[in-house]
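The values are calculated or read from the model by the stated rules, or taken from the named source; none is laboratory data. Quick caveat: nothing in here was measured; it's all calculated off a predicted structure. Methodologically, a virtual Cβ is constructed for each residue, glycine included, from the backbone with ideal geometry; neighbour enumeration extends over all protein chains shown.
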Amino acid sequence: MWVSNDVTGHATNNFWRSLEGVTITAPRTMWAVSQASPLRRSVIGGELWLSHDVGYSSGGFISDVKIGKSLVMGTQQQWFARQMTMPPGGLECWQGWNYIFMGVEGIDVEMGYKCNKGTLNKVSIMDRTARSAEKPYIVWEGSEWMIHVPKVVHQPEPGYIQDREGQIGWKLSFREVFVADPQMSTDTILQGMRYKAALLLTPGESPPAEIYALTRSLEVTKDRFVVLGIGFPTLVSPVGQSCLKVRSGLTDVRIASIIFDANTPVSHGYAEPLLQWGDATNLFVRRQLEVSGVASDIVARIGAFAYLNCELKRADHMLEFNDDSLIIDNVWVWHADHDDCSNFVMAKGADMMDHHFKSDQCQSQHGIVVNGNIYSHFALGLGVYIIGGKPAYAAYLLSEYCDLRNVVTVAIDASDDSFHHQVCQESMEGEQTCYKPQNCSWSRCWRPWVPYVDAHALKLRGATWPLIPPTEKLPEPKILKRLRPEDRYQVSSWQYADYQLGRHAESDHPFAIDDWRVSSLLTFPLLQTN
């Protein structure tokens, strides 16, 4: 099997594709892709190559995969692998900045050290996944089509899933599934969701295929409801509204394989999150070990696209997760700075994430804002895109409760001291503390850990575990400059944007930077549930 770009040789052109549920016996499989191209639930009998011999590549995500021979990382800048099996000594590394292996069978510390090739802490290894659930998938069983929904597993054994039947949480007959296509009205889809247990979003047959132009927000209102896309269908938001909302307090909801596109003009007064999971004022207390849901292979985009008349769009929060105990498994949040209209839009993000999270070219005061508890770890691609030589205020703004380790930042086409702050924490009283990297080499900087407040050491005064720190007081990032309606036809993403950066506790100086890449962030569980 050969997925590549034979025209330019750059895998950075290869997005919006996925592979799952296959067994490949060829001696070599080429999966030369970048973001939004997950590889899941497969057996690769021979070698697996993740790039061409040369050219750029910026992935990537693998889960529940068995590799018979070697895994060749190639030119990949970063990659995340979870619940994978590979032969001992089968990892081949050429270059790269950040590779994360979680619950991978066949890799050890010595192999990771060899893969570093002089790049400090390029490889992060976690023996076990704290908790995970694979993406729902469609199968032909007996005489009908079914959706199998994998269950949430705590501390699963390393490696790919061998007991496939034992991993199934529940099954849905297609009699319980509303099958939608882009030609259907939003009201029709909402009515189908009301009477069924799942929504299957299909690509459709006639142009514009895969595009669902919504007139109202879709909403999930039932426990264990499944929203599954095939062929990466795109939900286009109503002006000022969300594409999809999940009601607070629900249990075991699954959202998978969907692209969310912003359709709110920059001149509009507000824009709801493209995906809003739970209400921001949610006070629902979840039982121990209960999971509110799983988001798998989710893409959110802001840009100016030809099918939307090249008008600049906005989203105040691209994704917003407010419920506790969410598993967020492979998310890419993207500002489309190289869309088919070559325009630019300013955005901000306030996102909680779990496992694999990539934020690409999103412009805001901070790269990523986490108000609360990161359960496992995540990786970011392009965290903050800098315009006109202005530095990002902070690559990461975190709660003081976050246990943060192995932080890597890379500044492309700039010196290794080109960023303003690598990591900033904010206390409940609003005080900020920021940290510089410990080591820098070739524009790649690293810090082993960041001090944090241990929630387990706090006096509970009658509260029960797990304690959820009161992070609702943490500030959201602010849009410091809004584009005017008459600016919607600007064609350069290197326009000057005047940022007024706030005062900070650290006596650091802003530096000029053209491109900011937050390559990796590895965090460990703060509140472990067994």
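Here is how the numbers come out for the structure above:
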| item | result |
| --- | --- |
| Among (1) of a type outside the set (A, V, I, L, M, F, W, C); (2) part of a loop (DSSP other than H, G, I, E, B); (3) out of contact with any Lys or Arg (no Cβ under 8 Å at 6 or more places or on another chain), the one test that Glu110 misses | (2) |
| Subset of the stretch 105-125 (residues that are in contact (Cβ under 8 Å) with a residue 60 or more places away in the chain and farther than 19 Å from Arg82 by Cα) | Thr119, Leu120 |
| Any chance Thr129 is within 22 Å of Asn406 (Cα to Cα) and in contact (Cβ under 8 Å) with a residue 24 or more places away in the chain | yes |
| Positions within the stretch 10-40 being surrounded by fewer than 19 Cβ atoms within 10 Å (Cβ to Cβ) and either aliphatic (A, V, I, L, M) or at positive phi (or both), in sequence order | Trp16, Gly21, Val22, Ile24, Ala26 |
| Pair list, Cβ under 6 Å, 6 or more apart: the stretch 36-51 residue over 17 Å from Ile161 (Cβ atoms), other residue among the basic types (Lys, Arg) and not in a strand (DSSP E or B) | Ser37/Arg17; Gly46/Lys69; Glu47/Lys69 |
| Filter result (more than 15 Å from Pro158 (Cα to Cα) and either part of a strand (DSSP E or B) or modelled with pLDDT of 90 or more (or both)) within the stretch 61-88 | Phe61, Gly68, Lys69, Ser70, Leu71, Val72, Met73, Gly74, Thr75, Gln76, Gln78, Trp79 |
| Residue within the stretch 250-273 that is touching a residue at least 40 places away in the same chain (Cβ under 8 Å), in contact with a Leu (Cβ under 9 Å, 6 or more places away or on another chain), in a strand (DSSP E or B) and more than 23 Å from Asp297 (Cβ to Cβ) present | yes |
| The lone exception for Leu218 - which of (1) touching a helix residue (DSSP H, G or I) at 6+ places or on another chain (Cβ under 8 Å); (2) modelled with pLDDT under 95; (3) buried (at least 20 other Cβ atoms within 10 Å of the Cβ); (4) not polar (S, T, N, Q) it fails | (2) |
| Number of the exception - Tyr195 against (1) crowded, with 19+ Cβ neighbours inside 10 Å; (2) out of contact with any strand residue (DSSP E or B) (no Cβ under 6 Å at 6 or more places or on another chain); (3) more than 21 Å from Gln276 (Cα to Cα) | (1) |
| Members of the stretch 130-148 found to be surrounded by 18 or more Cβ atoms within 10 Å (Cβ to Cβ) and touching a His at 6+ places or on another chain (Cβ under 8 Å), listed by number | Ala130, Arg131, Ser132, Pro136, Tyr137 |
| Residue list for the stretch 94-123, filter: among the hydrophobic types (A, V, I, L, M, F, W, C), over 15 Å from Arg405 (Cα atoms) and in contact with a Phe, Trp or Tyr (Cβ under 8 Å, 6 or more places away or on another chain) | Ile107, Cys115 |
| Single unsatisfied condition, Gln35 versus (1) part of a loop (DSSP other than H, G, I, E, B); (2) over 26 Å from Ala256 (Cα atoms); (3) out of contact with any Pro (no Cβ under 9 Å at 6 or more places or on another chain) | (2) |
| Of all residues in the stretch 52-75 being within 20 Å of Thr409 (Cα to Cα) and touching a residue at least 60 places away in the same chain (Cβ under 8 Å), the one that is farthest from the chain's Cα centre (by Cα) | Thr75 |
| Candidates Val54, Val7, Val33, Val43, filtered to the one that is touching a Lys or Arg at 6+ places or on another chain (Cβ under 7 Å), modelled with pLDDT under 95 and of a type in the set (A, V, I, L, M, F, W, C) | Val33 |
| Residue in the stretch 28-39 that is of a type in the set (S, T, N, Q) and in contact with a helix residue (DSSP H, G or I) (Cβ under 7 Å, 6 or more places away or on another chain) present | yes |
| Residue under evaluation Phe232, criteria (1) crowded, with 22+ Cβ neighbours inside 10 Å; (2) part of a loop (DSSP other than H, G, I, E, B), criterion not met | (1) |
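Residue-wise test of (1) surrounded by fewer than 20 Cβ atoms within 10 Å (Cβ to Cβ); (2) more than 21 Å from Asp297 (Cα to Cα).
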{"residue": "Val54", "(1), (2)": "yes, yes"}
{"residue": "Ser70", "(1), (2)": "yes, yes"}
{"residue": "Gly74", "(1), (2)": "no, yes"}
{"residue": "Met102", "(1), (2)": "no, no"}
{"residue": "Tyr113", "(1), (2)": "yes, yes"}
{"residue": "Thr119", "(1), (2)": "yes, yes"}
